1. Among 62, 13, which is in contact with a helix residue (DSSP H, G or I) (Cβ under 7 Å, 6 or more places away or on another chain), more than 29 Å from residue 164 (Cβ to Cβ) and of a type in the set (Asp, Glu)?
2. When you scan the stretch 147-165, do you find a residue that is in a strand (DSSP E or B), within 29 Å of residue 16 (Cα to Cα), in contact with a helix residue (DSSP H, G or I) (Cβ under 7 Å, 6 or more places away or on another chain) and without any contact (Cβ under 8 Å) to a residue 40 or more places away in the chain, even just one?
3. Kindly indicate whether residue 60 is within 13 Å of residue 8 (Cβ to Cβ), of a type in the set (Ser, Thr, Tyr) and either modelled with pLDDT of 95 or more or buried (at least 19 other Cβ atoms within 10 Å of the Cβ) (or both).
4. Scan the stretch 41-62 and give yes if some residue there is of a type outside the set (Val, Ile, Thr), in a helix (DSSP H, G or I), under 16 Å from residue 148 (Cα atoms) and out of contact with any His (no Cβ under 6 Å at 6 or more places or on another chain), otherwise no.
5. Give the residue, chosen from 109, 103, that is part of a loop (DSSP other than H, G, I, E, B), modelled with pLDDT of 95 or more and buried (at least 20 other Cβ atoms within 10 Å of the Cβ).
6. Counting only residues that are out of contact with any Cys (no Cβ under 9 Å at 6 or more places or on another chain) and within 28 Å of residue 15 (Cα to Cα), how many does the stretch 88-124 have?
7. For the stretch 65-92, what are the residues that are of a type in the set (Val, Ile, Thr), assigned to a strand (DSSP E or B) and free of Cβ contacts under 8 Å to residues at least 40 places away in the same chain?
8. If I ask for residues that are at pLDDT 90 or above, in a loop (DSSP other than H, G, I, E, B) and either crowded, with 18+ Cβ neighbours inside 10 Å or among the hydrophobic types (A, V, I, L, M, F, W, C) (or both), which ones from the stretch 3-21 would you list?
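The values are calculated or read from the model by the stated rules, or taken from the named source; none is laboratory data. For clarity, every value in this text was computed on a predicted model and none was experimentally measured. Glycine gets a Cβ as well: all are built from the backbone with ideal geometry, and neighbour counts include every protein chain shown.
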Amino acid sequence: MKQLVVYFSRTGENYNVGNIEVGNTEVIANYIRDITGADVFKIEPMKEYPHDYNECIKVSKEESDTNARPPIKSYLDSVDEYDVIYLGYPIWWGKMPMCVLTFLDHYNFNGKIIRPFCTHEGNGLGNTVTDLAKMLHGAEVKPGLGVQGSTVATAKNIVEEWLKG
């Protein structure tokens, strides 16, 4: 089974963590890559989210409220060759960032296994697993993993356990 880790992660000022140079979700994505040997694709918005936390949540709330699809820098040619796709994102306002939806709208995930994972500071996965199941028709969306952002540095064992399940 060919596997892919797709994720969006943000650097800068993070709630309850401070300024970070490697995003929390990217840390988890790298754990998954290291454990599974999966290919990796990072979702990068054309316009970076503000590094200031309060400005970032303001922008993300506006995007969520308007159901925006902010453009991203690049796409994979296809996801057809992958059987399992690990999908990672931070939780903003109980949801995944809208740039992740920009990516998802671009592909057909019929027949794929989707394993969502997120980083958060108290909301867990929010409604994202249910949202993904509704959005990705024909995909099998498995139970997700939520990791508190302030604990990612010590979460590799948690990720390993989730991958086994």
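1. Of 62, 13, the one residue that is in contact with a helix residue (DSSP H, G or I) (Cβ under 7 Å, 6 or more places away or on another chain), more than 29 Å from residue 164 (Cβ to Cβ) and of a type in the set (Asp, Glu) is 13.
2. The answer is no, given that none of the residues of the stretch 147-165 is in a strand (DSSP E or B), within 29 Å of residue 16 (Cα to Cα), in contact with a helix residue (DSSP H, G or I) (Cβ under 7 Å, 6 or more places away or on another chain) and without any contact (Cβ under 8 Å) to a residue 40 or more places away in the chain.
3. When the stated conditions are applied, residue 60 passes them.
4. Within the stretch 41-62, not a single residue is of a type outside the set (Val, Ile, Thr), in a helix (DSSP H, G or I), under 16 Å from residue 148 (Cα atoms) and out of contact with any His (no Cβ under 6 Å at 6 or more places or on another chain).
5. None of the others qualify; the one that does is 109.
6. Number of matching residues: 21.
7. 72
8. Once the filter is applied, which keeps residues that are at pLDDT 90 or above, in a loop (DSSP other than H, G, I, E, B) and either crowded, with 18+ Cβ neighbours inside 10 Å or among the hydrophobic types (A, V, I, L, M, F, W, C) (or both), the stretch 3-21 yields 8, 9, 10.
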